[in-house]
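The values are calculated or read from the model by the stated rules, or taken from the named source; none is laboratory data. Nothing here was measured: the structure is a model prediction, and the numbers come from that model. Positions of Cβ are generated from backbone atoms using ideal geometry, with glycine treated the same way; all protein chains shown enter the neighbour counts. What goes into the accessible areas is simple: the full protein's heavy atoms, side chains included, and nothing from ligands, DNA or RNA. Shrake-Rupley method; radii C 1.70, N 1.55, O 1.52, S 1.80 Å.
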Amino acid sequence: MLAFSAAVSWLSGLRKLWPICGAAAMALTHMTPAAAEDRPQPANDSAVEAKVESLLAQMTIEEKAAQVTTSFAPPDPRLMKLAEMRATTGGGSLLFVSDPAETNRLQRLAIDQSRLKIPLLFGFDVIHGLATIFPVPIANAASWDPGTVEKTAAAAAAESRAVGIHWTFAPMIDIARDGRWGRIVESAGEDPFLGSAMAAAQVRGFQGPALGTPGRIIAGPKHFVGYGAAAGGRDYDEVDMSDAQLHNVYLPPFKAAIDAGAANIMAAYMGFNGVPVTASKPMLTDLLRGELGFKGWIVGDNENVSSLKTHGVAATPEDAAALAINAGLDMEMNLIGPTFANLPAAIAAGKVDPARLDEAVRRVLSVKVRMGLFENPYVDEQAAAKRLRQPATLDLARVAAERSAVLLRNEAGLLPLDKSKLRSIAVIGTLADAPRDTLGPWIFNQNQPAMQSILEGIRNKVGLGVTVTYAPGVVIPARVNPSPFVNLDKTIIRAVPKDDDSGIAEAVAAAKAADVAVLVLGESQDMAGESSSRSTFELPGRQQELLDAVVATGKPTVVVLMNARPVDLKETKAGAILEMWYPGSRGGDATANLLLGDAVPGGKLPFTWPRNAGQSPLFYARLNSHDPKNADKRYGNESGAPAYPFGFGLSYSTFSYSDITVDRGTVGPHGSVTVSAVVTNTGKRSADEVVQLYIHQRVGSAARPVRELKGFERITLKPGERREVRFTLTDTELRYWSPPKKGWTVENSVFDVAVGGDSTAPFATTFETTGR
């Protein structure tokens, strides 16, 4: 988003004083069409244009500058006074208001007291829910289920629109290949094809079939572009990137989001090849608008414009404002003093063409017209509460969490636990009884989010017939450098032992006395998200020591992970490992259902899982190099192979792949080839499998990755059931951006084809492109 951290840090101090690239094609089988009543008639373009031009003709230059600013309106008296002033003087947007009475109050100020009565846009960080919290975005990606992801975004939009929110700073669609980066939690992981499918699904879910769909909000994909490639995984640090990597890896999710109808794009903070994105016309105008065809409005991340002075590319606020708007930025986001307030002076000085400001204002006003804000600026305050935390929405949160879970290990079929034989469970770990942590980051207490601990879910599931003992184990230590969000949420309460030594002893005793031990381990929610990079994948505190001690009892041990990045479990001998991520409002129920077998894990990893942070960044789509046979022997001290490959995930059933074929051996210009595979459930339970298609181009004008994901489908099979799955490859999937050719190309080559359950599936057949 919103590098909201700067705002929060300031507030804390104040308080102390006082191309879709084929992904959509694979995702379509999962899509749920919008209900007929949710399909609005598209706004009449000529009517929208007439309304906008009429307003624009009446606006002063100061009112125009105010319209292209968005400011915070948090529950802080001094800042609220600023927000009220901006509402009455023609401000464009206010942020961080989610109380319907307050959105109505501020909207009335804008309608009743501003000269032209232009309504406000209200924006909020609806990242993975408002009052009903869904799994974090990296978990959604692990579901490999765009249909469910679209439904969760639509549900979050419905809650948000009910309270007066019009615009979300989501989805975050930055590719993340370095698990040290804290914002991997908001991403879809390392792969551009999977990332594109998730980007499109979330945009469709938030916005609906057209801008202005009832009960939907504006999607604001971010952060354009390359933010996930920050040096060393350190949030905000610079990015140096080749044109090939930019086009082949980092741009496809943005193209997918734009093609899905995204009305807004947020520009990134950092320097890209030495130039801050906010000040880069080649990035914002030539690339985003020209090459990708984006027609909506571009907003800067928080304080992006004023920070151009800090970056060292602008000498004065006036210069910063001129630089940003000339680069193509349409709206500034700020906490206190908008830098775009200097635009009238910049225009008077000849630094900005007045037509450029008019262009930005048109884009903002057009969105307000299309959202219906001039006709319906207010919300029904009494009805709003009834739209939050509805039973059906909470049930969707549970289903999404179940579908996001990834089973990483299951020795001797330890899971699911046999309910007929189970008499006692030892639940261990401070995160097991930490409902707020279960929600993950980017959740705000002002929205009274529904929450549930994993311990609560297990107890609810097994009832009185099974004894559940709980031991917190060890303390998760506070961060060395605290999260900038720490002062926003006082509901983070975890059970803690008297001290770690006695806590480990208590946990060991509980495990010895139980039939099975369930350890909930990982990272507290403030260790993921913005300003939350980590230099290690080791479990925080003495959790590893706790795990080893419990495993040493010899009792069956299940590890439930709550985290967003890879963790290094030190070759643990625990019998089962279930990755639950931060599962959301019904994460406890979902975890219990999975442990007891009423739900079956079917998720797959959306990133390659390194053994430790020293391997980062590690991703499957690497180049062959001149020495491919020793690719996993580059380190002298240990294997370079990952702990788990991209796309990996076990099930309570097993699957086989056979009859992998192509419908033709050669593919001419603009032709297509269909790949088929038969998938069989060879186990004894109905279960889901994510069927994955990978290809490798053997020869090209540039070296091509060893394999690339080009199709996937999540299917459900009964025991013994066989199903043929088909994928069609066209030029869209076969093309790439070639550095020697400085453009997109499809080249003559043999392509290897693999279909399987993860990115290590063996190549099974080939086809050849000709006549290119």
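Once you compute Rg and the Kirkwood Rh from C-alpha atoms, what is the Rg to Rh ratio for the range 70-128?
0.95
Work the Kirkwood hydrodynamic radius out for the range 471-607: mean of 1/r over every pair of different alpha-carbon atoms, inverted, in Å.
16.1 Å
Send over the semi-axes of the range 401-483's equivalent ellipsoid, whole angstrom and largest first, taken as the square roots of 5 times the C-alpha gyration tensor eigenvalues.
That gives 27, 16, 15 Å for the three semi-axes.
Using only the alpha carbon atoms of the range 662-772, find the Kirkwood hydrodynamic radius as the inverse mean reciprocal pair distance, in angstroms to one decimal.
Across the range 662-772, the inverse of the average 1/r is 15.0 Å.
Hey, if we sort 635, 250 by accessible area with the 1.4 Å probe, largest down, what's the order?
Sorted descending by solvent-accessible area, the residues read 635, 250.
Go ahead and run the numbers for FRET between residue 355 and residue 730, Cβ-Cβ distance against an R0 of 41 Å, rounding to 0.05. Don't skip to the answer; put the middle values down first.
Values: r = 40 Å, r/R0 = 0.99.
The formula returns an efficiency of 0.50 here.
Under a plain spin-label model, where a point goes 7 Å from the Cα along Cα-to-Cβ, how far apart in nm are residue 285 and residue 273?
For the pair residue 285/residue 273, the computed spacing is 1.7 nm.
Give the average over all directions of the projected area of the C-alpha convex hull of the range 126-245, one decimal, in nm².
7.4 nm²
Roughly how much of residue 763 is accessible, in Å² to the nearest 10, using a 1.4 Å probe?
In the full protein context, residue 763 sits at about 80 Å².
Mind computing the radius of gyration and Dmax over the alpha-carbon atoms of the range 554-593? Å is fine for both.
Calculated on Cα positions, Rg and Dmax stand at 11.4, 33 Å.
Can you give me the distance in nm between label points at residue 316 and residue 741, each placed 7 Å from the Cα along the Cα-to-Cβ direction?
Computed distance between label sites residue 316 and residue 741 equals 4.9 nm.
Residues of the range 158-181 with backbone nitrogen within less than 20 Å of a virtual label 7 Å along the Cα-to-Cβ line of residue 631, please, listed as ranges.
176-179
Report relative contact order for the range 241-322 in percent, whole number only (criteria: Cα-Cα under 8 Å, sequence separation at least 6). Please list the in-between numbers first.
Working: 68 pairs, mean separation 22.5, N = 82.
That works out to 27 percent.
Quick check for you: with a 1.4 Å probe and neighbouring chains kept, what is the accessible area per residue of the chain, in Å²?
35 Å²
Would you work out which of 201, 382, 89 lies farthest towards the positive end of the dipole of the chain, given +1 charges on the beta-carbon of Lys and Arg and -1 on that of Asp and Glu, about the Cα centre?
Going by the Cα projections, it comes out as 382.
Set the Förster radius R0 to 60 Å, insert the Cβ-Cβ distance between residue 612 and residue 57 as r into 1/(1 + (r/R0)^6), and round the FRET efficiency to 0.05.
Approximately 0.45, to the nearest 0.05.
Sort 467-474, 140-147, 542-549 by packing, meaning the average of other beta carbons within 10 Å per residue, with the highest value first.
Descending packing order for the listed peptides: 140-147, 467-474, 542-549.
Can you list the equivalent-ellipsoid semi-axes of the chain, largest first and in whole Å, using the square root of 5 times each Cα gyration tensor eigenvalue?
Here the semi-axes work out to 41, 33, 24 Å.
With all protein chains present, how much of the accessible area of the chain (probe radius 1.4 Å) comes from carbon and sulfur, to the nearest whole percent?
Reported share for carbon and sulfur atoms: 52 percent.
Using a 1.4 angstrom probe and counting only protein chains, how large is the accessible area of residue 243 in Å², to 10?
Residue 243 exposes around 90 Å² with every protein chain in place.
Given Cα positions, please report Rg to Rh for the range 188-335, the hydrodynamic radius being the Kirkwood one.
Expressed as Rg/Rh, it is 0.97.
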